[in-house]
Amino acid sequence: MNAPPPLKRIRESRLFWPLAALFIILLFDAIFVPSFFKIGVQDGHLYGNLIDVVNNGAPLMLVAIGMTMVIATGGVDLSVGAVIAISAAMGAVLINPALGDRLITNDILTKDATNTPLVIIVIANLLAGTLCGLWNGMLVSRARIQPMVATLILMVAGRGIAQLITNGQIMTIYYTPYFWFGNGFILGLPVSVYIVALVFIVASLIVRRTPIGLFVEAVGINPKATFYAGISEKNIKLMAYAFCGFCSAIAGLILSSYVHSADGNNNGLNYELDAILAVVMGGTLMSGGRFSLFGSIIGALVIWTFTLSMYALGVPDKALLAGRAVLVLIVILLYSDQSRRLLSRLFDRKGARHGATH
Amino acid sequence: MTDDRELVAMRGITKAFPGVVALEDITFSLRKGEIHALMGENGAGKSTLIKVLTGVEHPDRGTIALEGKQVQVRSPQQSQALGISTVYQEVNLCTNLSVAENIMLGREPRRLGSIHWKKLNALAEQALGRLGIDLDVTQPLENYSVAIQQMVAIARALAILAVRVLILDEPTSSLDMQETARLFDVMRKLKGEGIGIIFITHFLDQVYQVADRITVLRNGKYIGTYDTASLSRVELVATMLGRNLSDLHAVAQAKVEIAPKAAHACVAEAKGLGLKGSLAAIDLSLNAGEVVGVAGLLGSGRTELARLIFGVDAPDSGSLSIDGQKVERFSPHESLKRGIALCPEDRKAEGIVGELSIRENIILALQARYGWFKVLNTQKQYEIAAQYIKLLGIRTPSPDQLVKNLSGGNQQKVILARWIVTQPHVLILDEPTRGIDVGAKVEIQKLVLDLVKEGMAIIFISSELEEVLRISQRILVMRDRKKVAEYAGDVNDQTIMHTMAGDL
C-alpha cells in the first residue's frame with residue numbers, strides 16, 4: 001500500500017483540526033493581544049493568561065476525558081455538570097466544622113478548620129461522583145434506557161440532590177488546606193495542571209496498554225457484534241459512565257476549591273455542553289467508536305483559550321456566548337463531510353477520494 | 001459495435017481506491033429485455049461496477065451510455081432519474097416504518113402539503129401486486145420475514161417511474177426456493193416489458209435458470225461476456241476462479257477420508273434444551289471431530305438453536321453440558337471461556353466491527369477471553385493477523401485495512417479467523433457461506449473439514465442443502481422451530497427436502 005504523502009497524512013490525522021484551531025486562536029492573540037502571552041512570576045508562581053487557560057480549563061479537561069469514554073461507547077452523559085455540583089456539595093458539607101456539632105454558631109461555621117480528615121473529604125467527594133456515574137451506567141447498560149434520556153434524569157435531579165446535601169444553602173468554604181486543589185502551586189505551576197496530567201496519563205495507559213480501549217471502540221461501533229464476540233458490552237458501558245462520574249467528581253473538587261464554595265445551582269453549570277463540544281472538536285465522533293483522549297484535551301484548551309482571549313480583548317461577558325456560538329459554528333462546519341471533501345479537493349487537485357468502500 | 005437494442009454501455013471503466021484498483025478497464029453492456037448475470041468472486045469488482053452505474057462512486061476513467069446517449073451519473077438521485085433502480089445485497093430499509101412508507105419513501109403522494117396516506121397505501125399495494133404479493137402494507141416492516149423485506153425492497157425499486165434498468169444485487173440470498181421462483185417470475189415479466197435486468201448472484205443454478213447472458217469479472221478485470229446457453233457450468237466456474245476445479249473435488253473426497261474416525265468423545269450434549277417462543281425442546285449430542293449439519297428453511301429454528309447453544313439466549317427448559325460439565329450461566333462470554341464459538345448469520349449486524357481493522361477484528365474474541373487486563377501485545381496481534389490472513393486467504397493490502405472496506409466473503413473469513421484463533425471445541429457456523437462466491441465457499445468448506453480433522457466439533461447451518469450434505473457426518477432437520485429428524489450416514493437430498501417440507 002502506498003503511503004500517502006506526509007502533508008496529506010498530517011491533514012488527515014485526527015488531531016489536525018483541533019491543533020489547527022488552537023494555533024489559529026493563538027495566532028490571533030499574537031497579533032491583536034500580544035499581552036496574552038506574557039507570563040510573569042509572583043511569589044515563585046507563574047501567572048499570566050496562558051497559565052489561566054490551563055488552570056481554569058482543568059475541570060473541563062477532566063470532564064472531557066470522562067466524556068470521551070462515554071461518547072466512544074456510543075453514548076453521552078448530560079449529567080456531568082450536576083455531578084460536579086454533587087461532588088462539590090459533598091466536599092463542602094464534610095468540611096463544615098459544624099458537622100456533628102450541636103451548637104452551631106457563626107464563629108464555628110467560618111472557622112478555618114474541619115473535623116473531617118482531608119483524605120476522607122476527598123474520597124467522599126470522588127465516591128459521590130463515581131456512584132452517580134454508576135447510576136447512569138446502570139440505567140444505560142442494564143435498564144437499556146437511551147443515554148441521553150438516562151443521563152437527563154441525573155442532570156435535572158442532580159442539582160436538587162446537591163442542594164439537599166447543602167440544605168439549600170450556598171456553602172462557603174473556609175478551610176485553607178482544601179483550597180490547595182484549585183489554587184495551589186507546585187514548582188510554579190497550578191496543582192490542577194498536575195491533576196489533569198495524572199488523570200490523562202493514567203487513563204491513556206489504561207485504554208491503550210490494556211484491551212479496554214479496543215473494547216470501548218468496538219462497543220461504540222457495533223455493540224451487538226461485540227457482545228457476540230464474548231465481550232460484556234454492558235460492563236464496558238458501566239465502566240465508561242462510572243469513569244466519567246469519577247472525572248466529573250475531580251472537576252467538582254477543583255472547582256469548589258477554586259471558588260471557595262459549593263453552590264448546587266451554579267457549580268459546573270453548562271459543563272456537559274462544553275465537554276461534548278471539547279470531545280467532538282477533539283475528533284471523536286458522537287456516533288461512537290474511535291476516540292482520542294488527547295484530542296479532547298486539546299478541544300477543552302481551545303474552548304478556554306478562546307474564552308480567555310475574548311476576555312483579554314475586552315469583549316463583555318454578555319457578548320461572550322455569542323462569540324462562542326461563532327466558534328461552535330465554525331467547528332461544526334469544518335468537521336462536516338461536505339467541507340472536508342471540499343478542502344480535500346482544494347489540497348490535492350487530483351481529488352482521489354479516500355476511505356471509499358468497494 | 002452499435003446495437004439498437006443496447007440499453008446500457010459502459011466502456012473502459014476504471015476506478016482505484018487507495019491501495020487497490022477496484023476496476024480496470026471494464027466493459028459492460030445491457031440490452032433491453034435482457035437478464036444479464038454479473039458474475040465474479042468476492043472482490044472481483046461487481047459491487048463497485050454497480051456503484052459506478054448508480055452514481056455512488058465516480059469512475060476515474062471510462063464512459064457510460066444509456067440508449068446510445070453519453071451520460072454522467074453523478075449521484076444516486078440522478079441515476080434514479082435516468083431510470084436505473086437498484087436493490088442492494090443487504091436489505092437497506094427502515095424496519096420500523098410501515099411497508100407502504102418504505103416503498104414510497106421520498107415519493108409520498110401529497111394532498112394540501114400533507115401526505116395522502118390512503119393513496120400512499122394504495123400505491124404501495126399496487127407495487128407489491130406487481131410482484132404477486134398481498135400483505136398488510138400498514139404494518140411495520142419488522143413484522144415480516146427477511147424474505148418479505150427483500151420483496152419490499154424490490155417493490156420499492158420498481159415503484160420508481162419508468163424503470164429502464166433494474167439492478168438486483170444478491171436478491172435471492174435470503175429467499176427460500178418458493179420465493180426465489182416467484183421472484184424469477186417477476187423478473188421474466190419485467191424482462192417482457194423491455195426492462196434490462198442486471199442480476200448479481202452466487203447461485204449458479206439461478207443464473208442458468210433466468211440469465212440470458214453472463215459477464216464475468218475477476219480481480220477488477222473484465223474477463224468476458226458469454227451467452228448462457230453456450231457456456232457450461234464448469235467453464236463458468238473455471239472462468240470465475242481463473243483456475244481448475246480440482247479444489248472442488250478435494251472437498252468431496254475429504255469427507256470420505258475422515259468419516260471412519262468420527263467416533264470421538266462427546267463434547268456437547270443438549271437434553272430437552274428449549275426456550276418458549278423460540279425453540280421447542282431439543283436433544284442433540286455432538287462429538288469431537290464431526291460435522292453436524294443443520295438443514296431447514298428460514299425460520300425453522302436453526303438460528304435459534306445456535307443462539308441457545310452459544311448462550312445469546314438463555315434456555316428456559318432442559319440442560320446443556322459442554323465437556324461433561326453442565327452449563328449454568330448462559331452468555332457469549334461464558335461460552336467463549338468454555339470453548340464454544342459462533343459465527344452468526346447476520347454478518348453485518350452481529351459479526352463485523354466495521355470501523356476496526358482486520359487485525360483488531362481477528363483478535364477481538366481472543367482478547368475478550370483474556371479479559372480486561374491481560375494484554376495481547378501489538379506485535380503478537382500482527383503475527384496472529386498475518387498468520388490468519390494467509391491461512392484463510394483474506395484478500396487485503398494490509399492487516400490495518402478497515403473491515404468495512406472488505407468484500408463480503410473476506411469479511412466472513414475475518415469472522416471465522418476471530419473464532420478459530422480462540423481454538424474452540426465447538427464451532428457453530430450459521431450460514432457461513434451465504435452471499436459469498438464459489439471460490440471462497442470451497443475454501444471455507446475445506447477449512448471446516450481441516451478443523452474437524454484436528455478434533456473440533458462443528459455445527460454447520462446452511463440453506464444450501466448440497467453443501468450440508470457434502471460436509472456433514474450427521475444431519476439435523478428442523479421445521480417450525482422443532483427438530484424433526486436426524487440422519488446419519490447416507491441420505492439423499494430428496495429425503496431431506498421432503499423432511500424439511502414436512503410431507504414425509
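Does any residue of segment A:318-327 turn out to be of a type outside the set (Gly, Ala, Ser) and closer than 30 Å to B:Asn405 by Cα? Checked segment A:318-327: no residue is of a type outside the set (Gly, Ala, Ser) and closer than 30 Å to B:Asn405 by Cα. Taking the criterion of being at the interface with chain A (Cβ under 7 Å from one of its Cβ atoms) and open to solvent by less than 10 Å² (accessible area, probe 1.4 Å), the residues of segment B:355-366 that qualify are B:Leu356, B:Leu364, B:Ala365.
Count of segment B:296-338 residues, restricted to those that are at pLDDT below 90, polar (S, T, N, Q) and touching a Leu at 6+ places or on another chain (Cβ under 9 Å), is 0.
Looking across segment B:372-408, the residues that are within 13 Å of another protein chain (Cβ to nearest Cβ) and among the small types (Gly, Ala, Ser) come down to B:Ser398, B:Ser407, B:Gly408. For beta carbons closer than 7 Å, sequence separation of 6+ or different chains, a first residue in segment A:44-59 that is over 12 Å from A:Leu255 (Cβ atoms) and a second that is aromatic (Phe, Trp, Tyr) and open to solvent by 20 Å² or more (accessible area, probe 1.4 Å), the qualifying pairs are A:His45/A:Phe185; A:Leu50/A:Phe37; A:Val53/A:Trp304.
Among residues of segment B:339-353 that are more than 10 Å from B:Arg418 (Cα to Cα) and more than 9 Å from chain A (Cβ to nearest Cβ), those with a Cβ under 6 angstrom from a residue that is buried (at least 22 other Cβ atoms within 10 Å of the Cβ) and of a type in the set (Phe, Trp, Tyr), sequence gap 6+ or separate chain, pair up as B:Ile340/B:Phe310.
Restricting the first member to segment B:412-434 and to residues that are assigned by TED's automatic domain parsing to the domain that holds B:Glu467 and within 15 Å of B:Leu392 (Cα to Cα), and the second to residues that are of a type in the set (Ser, Thr, Tyr) and not in a helix (DSSP H, G or I), the beta-carbon pairs closer than 9 Å and six or more apart or on different chains are B:Pro432/B:Ser462; B:Thr433/B:Ser462. For segment B:52-63, indicate whether the set of residues that are of a type in the set (S, T, N, Q), part of a strand (DSSP E or B) and open to solvent by 40 Å² or more (accessible area, probe 1.4 Å) is non-empty. Within segment B:52-63, one or more residues are of a type in the set (S, T, N, Q), part of a strand (DSSP E or B) and open to solvent by 40 Å² or more (accessible area, probe 1.4 Å). Within the option set A:Ala240, A:Ala229, A:Ala218, being over 20 Å from A:Ile71 (Cα atoms) and within 14 Å of chain B (Cβ to nearest Cβ) holds for one residue only, A:Ala229. Across segment B:224-245, the qualifying residues are those that are more than 24 Å from B:Gly194 (Cβ to Cβ) and crowded, with 17+ Cβ neighbours inside 10 Å, and the one among them that is modelled with the highest pLDDT is B:Leu231. If you go through segment B:145-197 and keep only what is under 25 Å from B:Pro76 (Cα atoms) and of a type in the set (Val, Ile, Thr), you end up with B:Val146, B:Ile148, B:Val152, B:Ile154, B:Ile160, B:Val163, B:Val165, B:Ile167, B:Thr172, B:Val186, B:Ile195, B:Ile197. Could you tell me whether B:Lys337 is over 24 Å from A:Arg209 (Cα atoms) and either acidic (Asp, Glu) or not in a loop (DSSP other than H, G, I, E, B) (or both)? Criteria not met by B:Lys337. B:Ile309: within 11 Å of another protein chain (Cβ to nearest Cβ) and within 26 Å of the chain's Cα centre (by Cα), yes or no? No: the conditions fail for B:Ile309. Within segment A:9-68, being of a type in the set (Val, Ile, Thr) and within 27 Å of A:Ile206 (Cβ to Cβ) holds for A:Val53, A:Val54, A:Val63, A:Ile65, A:Thr68. From the list B:Ser335, B:Ser331, pick out the single residue that is in contact with a helix residue (DSSP H, G or I) (Cβ under 7 Å, 6 or more places away or on another chain) and of a type in the set (Ser, Thr, Tyr). Going through B:Ser335, B:Ser331 in turn, the sole match is B:Ser335. Highlighted here are the helices (runs of 4 or more DSSP H) found entirely within segment B:358-445 that include at least 2 residues which are over 26 Å from B:Lys337 (Cα atoms) and among the small types (Gly, Ala, Ser): B:408-420. A:Asn167 falls short on exactly one of the conditions (1) outside any loop (DSSP other than H, G, I, E, B); (2) open to solvent by 80 Å² or more (accessible area, probe 1.4 Å), and that condition is (1). Within segment B:271-304, the set of residues being in a loop (DSSP other than H, G, I, E, B), touching a strand residue (DSSP E or B) at 6+ places or on another chain (Cβ under 8 Å) and among the hydrophobic types (A, V, I, L, M, F, W, C) comprises B:Ala288, B:Leu297.
If you go through segment B:17-34 one residue at a time, do you hit one that is under 16 Å from B:Ala157 (Cα atoms), surrounded by 24 or more Cβ atoms within 10 Å (Cβ to Cβ) and assigned by TED's automatic domain parsing to the domain that holds B:Val207? The answer is no, given that none of the residues of segment B:17-34 is under 16 Å from B:Ala157 (Cα atoms), surrounded by 24 or more Cβ atoms within 10 Å (Cβ to Cβ) and assigned by TED's automatic domain parsing to the domain that holds B:Val207. Residues that are surrounded by fewer than 18 Cβ atoms within 10 Å (Cβ to Cβ) and more than 21 Å from B:Thr433 (Cα to Cα) within segment B:455-483 comprise B:Gly455, B:Asp480, B:Lys482, listed in sequence order. In this entry, B:Ser47 passes the filter for residues that are closer than 22 Å to B:Gln150 by Cα, hydroxyl-bearing (Ser, Thr, Tyr) and touching a residue at least 60 places away in the same chain (Cβ under 8 Å).
Of all positions in segment B:261-282, none carries a residue that is within 12 Å of chain A (Cβ to nearest Cβ), of a type outside the set (Asp, Glu) and surrounded by fewer than 21 Cβ atoms within 10 Å (Cβ to Cβ).
Yes or no, residue by residue, for (1) modelled with pLDDT of 85 or more; (2) open to solvent by less than 60 Å² (accessible area, probe 1.4 Å); (3) not in a helix (DSSP H, G or I):
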residue	(1), (2), (3)
A:Asp29	yes, yes, no
A:Ser35	yes, no, no
A:Val41	yes, no, yes
A:Asn56	yes, yes, no
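The number of residues in segment B:209-221 being touching a strand residue (DSSP E or B) at 6+ places or on another chain (Cβ under 9 Å) and farther than 19 Å from B:Gly43 by Cβ comes to 4.
Tally up the residues in segment B:316-337 that are more than 9 Å from chain A (Cβ to nearest Cβ) and either open to solvent by less than 10 Å² (accessible area, probe 1.4 Å) or under 19 Å from B:Leu275 (Cβ atoms) (or both), please. The qualifying residues number 12. Scanning segment A:254-287 for residues that are under 23 Å from A:Ile165 (Cβ atoms), of a type outside the set (A, V, I, L, M) and in contact with a Gly (Cβ under 6 Å, 6 or more places away or on another chain) yields A:Ser256, A:Ser257, A:Tyr258, A:Gly268, A:Tyr271, A:Glu272. A:Phe291 meets all of the listed conditions (1) open to solvent by 30 Å² or more (accessible area, probe 1.4 Å); (2) not in a helix (DSSP H, G or I) but one, namely (1). Against the condition open to solvent by 20 Å² or more (accessible area, probe 1.4 Å) and within 7 Å of chain A (Cβ to nearest Cβ), how does B:Arg369 come out, does it pass? Answer is yes for this residue.
The values are calculated or read from the model by the stated rules, or taken from the named source; none is laboratory data. These figures come from a predicted structure and were not determined experimentally. As a convention, Cβ positions derive from the backbone with ideal geometry for all residues, glycine included, and neighbour counts pool all protein chains shown. Just so you know, the surface numbers come from the protein's heavy atoms only, side chains and all, with ligands and any DNA or RNA stripped out. Shrake-Rupley method; radii C 1.70, N 1.55, O 1.52, S 1.80 Å.
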